[in-house]
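The values are calculated or read from the model by the stated rules, or taken from the named source; none is laboratory data. These numbers were taken from a predicted model, which means no experiment stands behind them. As a convention, Cβ positions derive from the backbone with ideal geometry for all residues, glycine included, and neighbour counts pool all protein chains shown.
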């Protein structure tokens, strides 16, 4: 896809794409995720560890930490308004998260080439301690995420 | 930890460890995961994709597929009755899962050396199509999972 | 690409594709790699750790262990006679390799869907101890590896 | 290990650790790698793609790109003067490298907790195009790299 020729506000487009995704995203809403920031190639998302996310070791189940990291990656890689999917994610768990912790995941594009892009992702707790570090590999598909908005980059 | 010297049924021990983990594992139960099989170094776990696991693209959110894969890995790597944690997981998403699909994750030990072990994990749908392939890297800690049972392998 | 309709010997085709790759593969030859086996979706390759592969800790540099693992993956994923590249590899180092060790890497297809395939890779030493475990993610391109031979699978 | 109490120049220590590693590192020298920069938690290393690094597709073999990335990670994670090993690396290949390209790998610590640290690694060509993106997971052992120098951080 070619980016739109007419001038537009890239930040505003990325923000609107994020809001539209969020409206459709039952999982993010149900898990109490909040969209803190979306810019082209970047997203920050917050989530509080609820009682039902705690495993038998009394720490947050890795699946929910991954879900938060993967969601930040999804909002970041779709921010150019080109449909894009996480194809692979490598996550390293660094420290446990506890019930009541408000976690924050940041995903930032490290590179893109053609339809492939990579993202550095970090999950922090409220004390800015790193809970997990991840690397996402994404692939853009055909089609816009929001038809009424321009795409921000050729090929996604 | 050294394995117990008295004879015992390894399969029964692994199964009891799995049951005990499951009793403590609110996340697995709340997500409707069912323990299909636990043997030393292996676990198979099933989960049906519920409406609240569906994302904005109308497919199962990657976080839940990861949670199932990671849970299978956790039951497999703890099956020796030595406390063991997933330290890192690399997941590759191969095909989408849909609402109502009953997914099945199998984790099988590929190697262990000292306190580190690796697991090959696959997530299948009901038609035996592979939804995701993952590689888990685990690290055993001090301590048994179930005090009353023997450990099945030195170092975990 | 569609597989050929006429009957042929799949094992022989995979073997010839491997031999042709090897003839073009200066790196494999220069590092003393030997093609032990190539079947559709599988390759086994051997290499002896030479003095110039030893790092400052007196063990084999991870780069050469990776090179052997990646080469096994390349021969396995190209065995269907469709041009295919490693796109990503996750490697876990399990034990050191020493000068003079003859290492053997096995790559085995764990899944494929469309143009993406995944491979489980293990590197053993001569005592069958696992030196490294890896997961490869490959992508097939257009074009045959050997024009005169049929392709063994649609899409690679 | 506890860091030294007496004041010292951290940058100078990291640089001397790097030089000492390089003196012992036959592989890096034989592959023509040049140490461009070593700081605490960071290393930049250059290598020119030689004729003997080219594979059958006329591009640089992934093993050499990995070797460069892994070497940058090794110099970065050892820069605190605590013996540290790469335990796992996930590499994503983004673009091919050609014969004669001078590649540059940068490894930068993304997090550390106890004896585990993670590194973001990028390999660039001379036109600053990203050839590969990688994530390294390292583990510090007992012992200094250079006995005569202080350690720069508790636990590595």
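Being part of a loop (DSSP other than H, G, I, E, B) and farther than 19 Å from residue C:71 by Cα is the filter here; which residues of region D:30-55 pass it? Spell out the reasoning first.
Residues of region D:30-55 part of a loop (DSSP other than H, G, I, E, B): D:31-33, D:40-41, D:49-50, D:55.
Matches in region D:30-55: D:32, D:33, D:40, D:41.
Give the residue, chosen from B:36, B:72, B:14, that is more than 12 Å from the chain's Cα centre (by Cα), modelled with pLDDT of 95 or more and over 18 Å from residue A:52 (Cβ atoms). Outline the logic, then answer.
Values: B:36 fails: more than 12 Å from the chain's Cα centre (by Cα); B:72 fails: more than 12 Å from the chain's Cα centre (by Cα).
Step by step, each of B:36, B:72, B:14 is checked, and only B:14 is more than 12 Å from the chain's Cα centre (by Cα), modelled with pLDDT of 95 or more and over 18 Å from residue A:52 (Cβ atoms).
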> Which residues, taken from region D:101-125, are within 20 Å of residue C:88 (Cα to Cα) and part of a loop (DSSP other than H, G, I, E, B)?
Replying inline: D:125
>> Here are the criteria: (1) at pLDDT below 95; (2) not in a loop (DSSP other than H, G, I, E, B). Tell me which single one residue A:155 does not satisfy.
In response: (2)
>> Tell me the residue from C:79, C:108 that is more than 8 Å from every other protein chain (Cβ to nearest Cβ) and surrounded by 24 or more Cβ atoms within 10 Å (Cβ to Cβ), please.
In response: C:79
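Only one of B:67, B:43 is surrounded by 21 or more Cβ atoms within 10 Å (Cβ to Cβ), under 12 Å from the mean Cα position of the chain (by Cα), closer than 21 Å to residue B:139 by Cα and in contact (Cβ under 8 Å) with a residue 60 or more places away in the chain. Can you tell me which? Reasoning before the result, please.
Details: B:67 fails: in contact (Cβ under 8 Å) with a residue 60 or more places away in the chain.
Just one listed residue meets the conditions, B:43.
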> If you go through region B:16-33 one residue at a time, how many are over 24 Å from residue B:151 (Cα atoms) and surrounded by fewer than 18 Cβ atoms within 10 Å (Cβ to Cβ)?
Replying inline: 4
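From the list D:151, D:146, D:89, which one is more than 19 Å from residue C:55 (Cα to Cα) and in contact (Cβ under 8 Å) with a residue 24 or more places away in the chain? Can you show your working first?
Details: D:146 fails: more than 19 Å from residue C:55 (Cα to Cα); D:89 fails: more than 19 Å from residue C:55 (Cα to Cα).
Checking each option against the conditions leaves just D:151.
So, of the residues in region B:47-60 that are in contact with a strand residue (DSSP E or B) (Cβ under 7 Å, 6 or more places away or on another chain) and surrounded by 18 or more Cβ atoms within 10 Å (Cβ to Cβ), which turns out to be nearest to residue A:85 (Cα to Cα)? Don't jump to the end; show me each part of the working.
Within region B:47-60, the subset in contact with a strand residue (DSSP E or B) (Cβ under 7 Å, 6 or more places away or on another chain) is B:47-49, B:53-54, B:60.
After this cut, where a residue has to be surrounded by 18 or more Cβ atoms within 10 Å (Cβ to Cβ) as well, the list is B:47, B:49, B:53-54, B:60.
On the way: B:47: 23, B:49: 19, B:53: 16, B:54: 15, B:60: 12 Å.
It comes out as B:60.
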> What are the residues in region B:124-143 that are more than 10 Å from chain C (Cβ to nearest Cβ) and surrounded by 24 or more Cβ atoms within 10 Å (Cβ to Cβ), if any?
Replying inline: B:138
> (1) away from chain D (no Cβ under 14 Å); (2) over 21 Å from residue C:10 (Cβ atoms); (3) in a loop (DSSP other than H, G, I, E, B): which one isn't true of residue C:58, the others all being true?
Replying inline: (1)
> Just one of the numbered conditions (1) farther than 22 Å from residue D:65 by Cβ; (2) assigned to a strand (DSSP E or B); (3) in contact (Cβ under 8 Å) with a residue 40 or more places away in the chain is not true of residue C:98; which one?
Replying inline: (2)
>> Exactly one condition in (1) under 27 Å from residue B:11 (Cα atoms); (2) part of a strand (DSSP E or B); (3) touching a helix residue (DSSP H, G or I) at 6+ places or on another chain (Cβ under 9 Å); (4) within 11 Å of another protein chain (Cβ to nearest Cβ) is false for residue B:91; which is it?
In response: (1)
